[in-house]
1. Any residue at all in the range 123-131 that's in a loop (DSSP other than H, G, I, E, B), exposed (fewer than 15 other Cβ atoms within 10 Å of the Cβ), of a type outside the set (Phe, Trp, Tyr) and on the phi < 0 side of the Ramachandran plot?
2. Tell me which residues, restricted to the range 41-52, are out of contact with any strand residue (DSSP E or B) (no Cβ under 8 Å at 6 or more places or on another chain) and either buried (at least 17 other Cβ atoms within 10 Å of the Cβ) or within 16 Å of ASP14 (Cα to Cα) (or both).
3. Looking for whichever is within 30 Å of GLU133 (Cα to Cα), surrounded by fewer than 23 Cβ atoms within 10 Å (Cβ to Cβ) and of a type in the set (S, T, N, Q) here; the options are SER220, SER239, SER170. Which one fits?
4. Can you tell me how many residues within the range 61-116 are over 26 Å from GLU38 (Cα atoms), among the β-branched types (Val, Ile, Thr) and modelled with pLDDT of 95 or more?
Amino acid sequence: METGIMLYIGCKVDVYEQIRTLKEIGISRTFINAKYPELDRVLAAIREAGIVCDTLHAEYNCSDGGERFHMDDLSREGTAGDKMVARIMRNIDKCAEHHIPVIVIHPSNQAPETAINEIAKARYVALGDYAREKGVTVAFENVIYTQNLEYIMSWVPDAKFCWDCGHEWSRLKGEPPMPLFGKRLAALHIHDNFLTHDKHMIPFTGKIDFENVGKQLAESGFDGTMMLEIMYGSNEENSLEPTYRDYAIKAKQAAQRLIGIVQRYRA
(Lines give C-alpha, C1' and ligand atoms only; values in the text may rest on other atoms or scores of the structure.)
Protein backbone atom coordinates (compact mmCIF):
# COMPACT_ATOMS: atom_id res chain seq x y z
CA MET A 1 0.00 0.00 0.00
CA GLU A 2 1.19 3.52 -0.78
CA THR A 3 0.70 6.52 1.50
CA GLY A 4 -1.33 9.56 0.49
CA ILE A 5 -2.09 12.89 2.15
CA MET A 6 -4.88 15.13 0.95
CA LEU A 7 -4.39 18.74 -0.15
CA TYR A 8 -6.36 20.85 2.31
CA ILE A 9 -8.12 23.87 0.81
CA GLY A 10 -8.47 25.65 4.17
CA CYS A 11 -4.84 25.10 5.14
CA LYS A 12 -2.85 28.07 6.42
CA VAL A 13 -0.10 26.83 4.09
CA ASP A 14 -0.45 27.59 0.36
CA VAL A 15 -1.60 24.58 -1.68
CA TYR A 16 1.46 24.77 -3.93
CA GLU A 17 3.74 24.66 -0.90
CA GLN A 18 1.75 21.65 0.28
CA ILE A 19 2.43 19.95 -3.06
CA ARG A 20 6.16 20.75 -2.90
CA THR A 21 6.39 19.46 0.66
CA LEU A 22 4.56 16.22 -0.10
CA LYS A 23 6.90 15.58 -3.02
CA GLU A 24 9.99 16.32 -0.90
CA ILE A 25 9.00 13.86 1.83
CA GLY A 26 8.15 11.10 -0.62
CA ILE A 27 4.34 11.23 -0.78
CA SER A 28 3.20 10.02 -4.19
CA ARG A 29 -0.61 10.14 -3.79
CA THR A 30 -3.14 12.82 -2.89
CA PHE A 31 -6.68 14.07 -3.45
CA ILE A 32 -8.40 17.44 -3.39
CA ASN A 33 -11.90 18.86 -3.08
CA ALA A 34 -13.48 19.88 -6.37
CA LYS A 35 -14.55 23.15 -4.75
CA TYR A 36 -11.01 24.53 -4.99
CA PRO A 37 -11.22 27.78 -7.00
CA GLU A 38 -8.04 27.12 -9.06
CA LEU A 39 -8.76 23.44 -9.59
CA ASP A 40 -7.30 23.05 -13.10
CA ARG A 41 -4.09 24.83 -12.12
CA VAL A 42 -3.72 22.80 -8.93
CA LEU A 43 -4.31 19.50 -10.73
CA ALA A 44 -1.67 20.49 -13.28
CA ALA A 45 0.78 21.27 -10.44
CA ILE A 46 0.07 17.88 -8.86
CA ARG A 47 0.89 16.13 -12.15
CA GLU A 48 4.05 18.20 -12.68
CA ALA A 49 5.23 17.15 -9.21
CA GLY A 50 4.86 13.50 -10.19
CA ILE A 51 2.08 12.95 -7.65
CA VAL A 52 -1.03 10.96 -8.52
CA CYS A 53 -4.43 12.42 -7.69
CA ASP A 54 -6.29 9.25 -6.67
CA THR A 55 -9.72 10.82 -6.29
CA LEU A 56 -11.62 14.07 -6.56
CA HIS A 57 -13.95 14.87 -3.68
CA ALA A 58 -17.24 16.09 -5.12
CA GLU A 59 -18.80 19.29 -3.83
CA TYR A 60 -21.66 18.87 -1.39
CA ASN A 61 -22.45 22.37 -0.09
CA CYS A 62 -22.65 24.95 -2.87
CA SER A 63 -24.01 28.33 -3.86
CA ASP A 64 -24.86 29.93 -7.18
CA GLY A 65 -26.11 33.46 -7.62
CA GLY A 66 -27.05 33.67 -3.96
CA GLU A 67 -28.95 30.36 -3.98
CA ARG A 68 -27.55 27.63 -1.75
CA PHE A 69 -27.89 23.92 -2.48
CA HIS A 70 -26.68 20.80 -0.69
CA MET A 71 -26.64 17.01 -1.00
CA ASP A 72 -29.67 16.99 1.31
CA ASP A 73 -31.61 18.67 -1.52
CA LEU A 74 -31.39 15.53 -3.66
CA SER A 75 -34.44 14.12 -1.86
CA ARG A 76 -36.54 17.27 -2.28
CA GLU A 77 -38.58 18.55 -5.18
CA GLY A 78 -37.32 21.75 -6.76
CA THR A 79 -34.36 23.27 -8.55
CA ALA A 80 -31.89 23.07 -5.64
CA GLY A 81 -31.58 19.31 -5.99
CA ASP A 82 -31.26 19.61 -9.77
CA LYS A 83 -28.49 22.19 -9.36
CA MET A 84 -26.65 19.94 -6.92
CA VAL A 85 -26.76 17.08 -9.40
CA ALA A 86 -25.55 19.39 -12.19
CA ARG A 87 -22.65 20.56 -10.01
CA ILE A 88 -21.53 17.00 -9.28
CA MET A 89 -21.76 16.20 -12.98
CA ARG A 90 -19.37 19.09 -13.60
CA ASN A 91 -17.06 17.56 -10.99
CA ILE A 92 -17.28 14.24 -12.86
CA ASP A 93 -16.33 16.11 -16.05
CA LYS A 94 -13.18 17.34 -14.27
CA CYS A 95 -12.30 13.76 -13.32
CA ALA A 96 -12.61 12.67 -16.94
CA GLU A 97 -10.65 15.70 -18.20
CA HIS A 98 -7.76 15.16 -15.75
CA HIS A 99 -7.81 11.33 -15.79
CA ILE A 100 -8.82 11.01 -12.15
CA PRO A 101 -10.40 7.56 -11.89
CA VAL A 102 -12.67 8.01 -8.84
CA ILE A 103 -15.04 10.69 -7.61
CA VAL A 104 -15.98 10.53 -3.93
CA ILE A 105 -19.52 11.67 -3.12
CA HIS A 106 -21.05 12.45 0.27
CA PRO A 107 -24.62 11.12 0.53
CA SER A 108 -27.26 13.07 2.40
CA ASN A 109 -26.80 13.81 6.11
CA GLN A 110 -30.55 13.58 6.72
CA ALA A 111 -32.28 10.73 8.51
CA PRO A 112 -33.39 7.91 6.17
CA GLU A 113 -37.10 8.73 6.46
CA THR A 114 -36.28 12.09 4.82
CA ALA A 115 -33.31 11.20 2.62
CA ILE A 116 -34.67 8.04 0.98
CA ASN A 117 -37.43 8.46 -1.59
CA GLU A 118 -38.08 8.17 -5.32
CA ILE A 119 -36.86 11.71 -5.99
CA ALA A 120 -33.49 10.90 -4.43
CA LYS A 121 -33.31 7.56 -6.23
CA ALA A 122 -33.77 9.17 -9.64
CA ARG A 123 -31.03 11.71 -8.96
CA TYR A 124 -28.49 9.22 -7.59
CA VAL A 125 -29.17 6.89 -10.53
CA ALA A 126 -28.61 9.82 -12.90
CA LEU A 127 -25.25 10.53 -11.24
CA GLY A 128 -24.24 6.88 -11.55
CA ASP A 129 -25.26 6.79 -15.21
CA TYR A 130 -23.38 9.99 -16.00
CA ALA A 131 -20.19 8.83 -14.28
CA ARG A 132 -20.37 5.52 -16.14
CA GLU A 133 -20.68 7.34 -19.48
CA LYS A 134 -17.60 9.42 -18.61
CA GLY A 135 -15.55 6.42 -17.51
CA VAL A 136 -15.36 7.62 -13.89
CA THR A 137 -15.99 5.41 -10.86
CA VAL A 138 -18.36 6.75 -8.20
CA ALA A 139 -17.44 6.00 -4.58
CA PHE A 140 -20.06 6.92 -1.99
CA GLU A 141 -18.73 7.85 1.44
CA ASN A 142 -20.17 6.93 4.81
CA VAL A 143 -21.33 10.11 6.53
CA ILE A 144 -23.89 9.55 9.31
CA TYR A 145 -26.63 7.05 8.42
CA THR A 146 -25.57 3.64 7.16
CA GLN A 147 -29.12 3.00 5.93
CA ASN A 148 -28.83 5.88 3.46
CA LEU A 149 -25.68 4.31 2.07
CA GLU A 150 -27.34 0.90 1.78
CA TYR A 151 -30.12 2.32 -0.39
CA ILE A 152 -27.80 4.39 -2.57
CA MET A 153 -25.41 1.50 -3.14
CA SER A 154 -28.37 -0.64 -4.26
CA TRP A 155 -29.57 2.09 -6.63
CA VAL A 156 -26.11 2.33 -8.24
CA PRO A 157 -24.97 -1.31 -8.17
CA ASP A 158 -21.58 -0.67 -9.79
CA ALA A 159 -20.74 2.10 -7.31
CA LYS A 160 -17.80 1.70 -4.96
CA PHE A 161 -17.30 2.66 -1.32
CA CYS A 162 -15.11 5.29 0.34
CA TRP A 163 -14.54 4.48 4.02
CA ASP A 164 -14.16 7.49 6.29
CA CYS A 165 -13.09 6.09 9.66
CA GLY A 166 -13.37 9.49 11.32
CA HIS A 167 -17.04 9.73 10.38
CA GLU A 168 -17.69 6.22 11.62
CA TRP A 169 -16.14 6.75 15.05
CA SER A 170 -17.70 10.18 15.66
CA ARG A 171 -21.04 10.22 13.79
CA LEU A 172 -22.28 6.70 13.04
CA LYS A 173 -26.00 5.99 13.27
CA GLY A 174 -26.65 2.40 12.27
CA GLU A 175 -24.50 -0.60 11.45
CA PRO A 176 -20.75 -0.21 10.79
CA PRO A 177 -20.34 0.10 7.02
CA MET A 178 -17.22 -1.98 6.39
CA PRO A 179 -18.86 -5.40 6.90
CA LEU A 180 -21.48 -4.31 4.35
CA PHE A 181 -19.30 -2.58 1.76
CA GLY A 182 -15.69 -3.52 2.47
CA LYS A 183 -15.49 -5.67 -0.66
CA ARG A 184 -16.50 -2.62 -2.72
CA LEU A 185 -13.87 -0.38 -1.16
CA ALA A 186 -12.18 1.97 -3.63
CA ALA A 187 -10.92 4.83 -1.46
CA LEU A 188 -10.07 5.73 2.12
CA HIS A 189 -10.35 8.86 4.25
CA ILE A 190 -8.24 8.05 7.30
CA HIS A 191 -8.04 10.45 10.24
CA ASP A 192 -8.46 10.54 14.02
CA ASN A 193 -10.70 12.25 16.56
CA PHE A 194 -11.82 11.98 20.19
CA LEU A 195 -15.00 10.02 19.27
CA THR A 196 -17.27 13.06 19.63
CA HIS A 197 -16.53 15.45 16.74
CA ASP A 198 -14.98 15.12 13.29
CA LYS A 199 -11.48 16.54 13.92
CA HIS A 200 -9.39 15.26 10.98
CA MET A 201 -6.35 14.62 13.16
CA ILE A 202 -3.28 12.50 12.38
CA PRO A 203 -3.95 8.82 13.17
CA PHE A 204 -2.88 7.63 16.63
CA THR A 205 -3.24 11.13 18.14
CA GLY A 206 -6.89 10.74 19.20
CA LYS A 207 -9.04 7.84 20.38
CA ILE A 208 -10.02 5.87 17.28
CA ASP A 209 -9.14 2.18 17.53
CA PHE A 210 -6.68 1.87 14.65
CA GLU A 211 -5.96 -1.74 15.50
CA ASN A 212 -9.61 -2.31 14.53
CA VAL A 213 -9.23 -0.13 11.42
CA GLY A 214 -6.21 -2.13 10.29
CA LYS A 215 -7.97 -5.44 10.89
CA GLN A 216 -11.00 -4.38 8.85
CA LEU A 217 -8.79 -3.16 6.01
CA ALA A 218 -6.90 -6.45 6.00
CA GLU A 219 -10.16 -8.39 5.83
CA SER A 220 -11.49 -6.24 2.98
CA GLY A 221 -8.64 -7.12 0.65
CA PHE A 222 -8.18 -3.42 -0.20
CA ASP A 223 -4.66 -2.69 -1.45
CA GLY A 224 -5.03 0.90 -2.62
CA THR A 225 -3.73 4.10 -1.08
CA MET A 226 -3.67 4.65 2.68
CA MET A 227 -5.08 8.13 2.20
CA LEU A 228 -5.06 10.55 5.13
CA GLU A 229 -7.78 13.22 5.21
CA ILE A 230 -6.04 15.45 7.72
CA MET A 231 -6.35 19.20 8.11
CA TYR A 232 -3.29 21.11 9.28
CA GLY A 233 -4.27 24.25 11.18
CA SER A 234 -8.01 23.52 11.27
CA ASN A 235 -8.09 23.14 15.06
CA GLU A 236 -5.71 23.12 18.01
CA GLU A 237 -4.94 19.40 17.76
CA ASN A 238 -3.88 19.83 14.13
CA SER A 239 -1.58 22.79 14.81
CA LEU A 240 0.81 21.28 17.33
CA GLU A 241 3.56 20.61 14.79
CA PRO A 242 5.72 23.74 14.23
CA THR A 243 5.72 23.49 10.44
CA TYR A 244 3.62 21.87 7.74
CA ARG A 245 6.63 19.77 6.80
CA ASP A 246 6.96 18.38 10.34
CA TYR A 247 3.23 17.74 10.37
CA ALA A 248 3.32 15.92 7.03
CA ILE A 249 6.29 13.78 8.10
CA LYS A 250 4.47 12.79 11.29
CA ALA A 251 1.39 11.97 9.22
CA LYS A 252 3.40 9.82 6.81
CA GLN A 253 4.87 7.88 9.72
CA ALA A 254 1.38 7.31 11.16
CA ALA A 255 0.10 6.04 7.81
CA GLN A 256 3.03 3.65 7.53
CA ARG A 257 2.33 2.41 11.06
CA LEU A 258 -1.27 1.67 10.06
CA ILE A 259 -0.08 -0.09 6.90
CA GLY A 260 2.07 -2.24 9.18
CA ILE A 261 -1.02 -3.24 11.18
CA VAL A 262 -2.83 -4.19 7.96
CA GLN A 263 0.13 -6.30 6.84
CA ARG A 264 0.33 -8.03 10.21
CA TYR A 265 -3.29 -9.15 9.97
CA ARG A 266 -2.69 -10.40 6.43
CA ALA A 267 0.42 -12.40 7.34
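1. Taking the range 123-131 as the starting set, the residues that turn out to be in a loop (DSSP other than H, G, I, E, B) are none.
Within the range 123-131, none of the residues are in a loop (DSSP other than H, G, I, E, B), exposed (fewer than 15 other Cβ atoms within 10 Å of the Cβ), of a type outside the set (Phe, Trp, Tyr) and on the phi < 0 side of the Ramachandran plot.
2. ARG41, ALA44, ALA45, ALA49
3. SER220
4. 2
The values are calculated or read from the model by the stated rules, or taken from the named source; none is laboratory data. Because the structure is predicted, anything quoted here is derived from the model rather than measured. Note that we place each Cβ from the backbone using ideal geometry, even for glycine, and neighbour counts take in every protein chain shown.
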